[in-house]
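Asker: Below: one structure in structure tokens.
The values are calculated or read from the model by the stated rules, or taken from the named source; none is laboratory data. Just so it is clear, the model here is predicted, and its values are computed rather than measured. As a convention, Cβ positions derive from the backbone with ideal geometry for all residues, glycine included, and neighbour counts pool all protein chains shown.
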Amino acid sequence: MKARKLGNSDLVVSSIGLGIMGMSPGMYGETNDEQSIKTIHRALELGVTLIDTADVYGNGHNEEFLGKALKGRRDQAIIATKFSYTPN
């Protein structure tokens, strides 16, 4: 996996990130936390270090389950998140 410096920071992340919005129930239908966690673990194994989430995904579910997925692996990922979004 190629890596690059993130903006003007000292963080180095994978060139490919994993967006996990679809891993929480909501606009994309039903989800399966167990399968989603396996997907995150596999991405980490393949060298993906950038994971994108937000507090609004699944009404907070996304960030909570990401915490479970990264238990014991937190040092393997850089988390990008957004906040203060209010859906209409």
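Asker: Criterion first (within 13 Å of the chain's Cα centre (by Cα) and among the aromatic types (Phe, Trp, Tyr)) does TYR28 satisfy it?
Answerer: In short, no.
Asker: Right, something else. In this structure, does GLY67 turn out to be touching a Lys or Arg at 6+ places or on another chain (Cβ under 9 Å), farther than 17 Å from MET23 by Cα and loosely packed, with under 15 Cβ neighbours inside 10 Å?
Answerer: Judged against the criteria, GLY67 is not a match.
Asker: Return the residue satisfying two criteria in turn: it lies in segment 13-30 and is touching a residue at least 12 places away in the same chain (Cβ under 8 Å) and hydroxyl-bearing (Ser, Thr, Tyr), and of such residues it is nearest to ASP75 (Cα to Cα).
Answerer: Of everything passing the filter in segment 13-30, SER14 is nearest to ASP75 (Cα to Cα).
Asker: For ALA77, are the conditions met, namely being crowded, with 16+ Cβ neighbours inside 10 Å and either of a type outside the set (Asp, Glu) or touching a residue at least 60 places away in the same chain (Cβ under 8 Å) (or both)?
Answerer: yes
Asker: Please go through segment 71-82 and give me each residue that is closer than 18 Å to VAL12 by Cβ and either of a type in the set (Gly, Ala, Ser) or not in a helix (DSSP H, G or I) (or both), ordered by number.
Answerer: ARG73, ALA77, ILE78, ILE79, ALA80
Asker: Here is a further query. Under 7 Å by Cβ, and 6 or more places apart or on different chains, what pairs join a residue from segment 54-66 that is farther than 14 Å from TYR28 by Cα with one that is part of a helix (DSSP H, G or I) and of a type in the set (Ser, Thr, Tyr)?
Answerer: Cβ pairs passing all conditions: PHE65/SER36.
Asker: I need a count of the residues in segment 3-61 that are assigned to a loop (DSSP other than H, G, I, E, B), polar (S, T, N, Q), surrounded by 15 or more Cβ atoms within 10 Å (Cβ to Cβ) and modelled with pLDDT of 95 or more.
Answerer: 1
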